[in-house]
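Asks: This is the structure I want to talk about, given as structure tokens.
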Amino acid sequence: ATAFGPTITSFVRPEPVPNPQDFVLWSFFNSMFCNPFCLGFIALIFSVKARDRIIAQDPSAAGSYGRTAKHLNVAALCLGIVGTIICIVVLVVYYNSLLAGS
């Protein structure tokens, strides 16, 4: 006679891996409204690549493309804001010099 004990089965659930972000909307906004040195357009390209990698189930490449898109978006937004402020200041100074000259 053989004695078999109860069979114990345990399942280990892997931690869910969060999907990397692709920043497509932010990149689209930057490419339309805030595009110094074409950084917004380049960010849009990297965002689309990140989305393609997410669909292809390659989270490491998607994360890399997503981080690149994020950094390009930050740079485009900062340069766009600084450029806008400089343009406003130059216009105000020019307008004030026209008023003082007449």
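The values are calculated or read from the model by the stated rules, or taken from the named source; none is laboratory data. On a predicted model such as this, the values are computed, not experimentally measured, just so you know. Because the Cβ atoms are built from the backbone with ideal geometry, glycine has one as well, and the counts that use them run over all protein chains shown. Heads up: the accessible areas ignore ligands, DNA and RNA and are worked out on the full protein's heavy atoms, side chains in. Shrake-Rupley method; radii C 1.70, N 1.55, O 1.52, S 1.80 Å.
Asks: For the stretch 16-30, indicate whether the set of residues that are more than 14 Å from the chain's Cα centre (by Cα), outside any helix (DSSP H, G or I) and of a type in the set (Val, Ile, Thr) is non-empty.
Replies: Yes - at least one qualifying residue is present in the stretch 16-30.
Asks: Which members of the stretch 1-54 meet the condition of being of a type in the set (Lys, Arg), within 16 Å of Tyr65 (Cβ to Cβ) and open to solvent by 100 Å² or more (accessible area, probe 1.4 Å)?
Replies: Arg51
Asks: Among the residues in the stretch 81-98, are any more than 11 Å from the chain's Cα centre (by Cα), at pLDDT 95 or above and crowded, with 19+ Cβ neighbours inside 10 Å?
Replies: no
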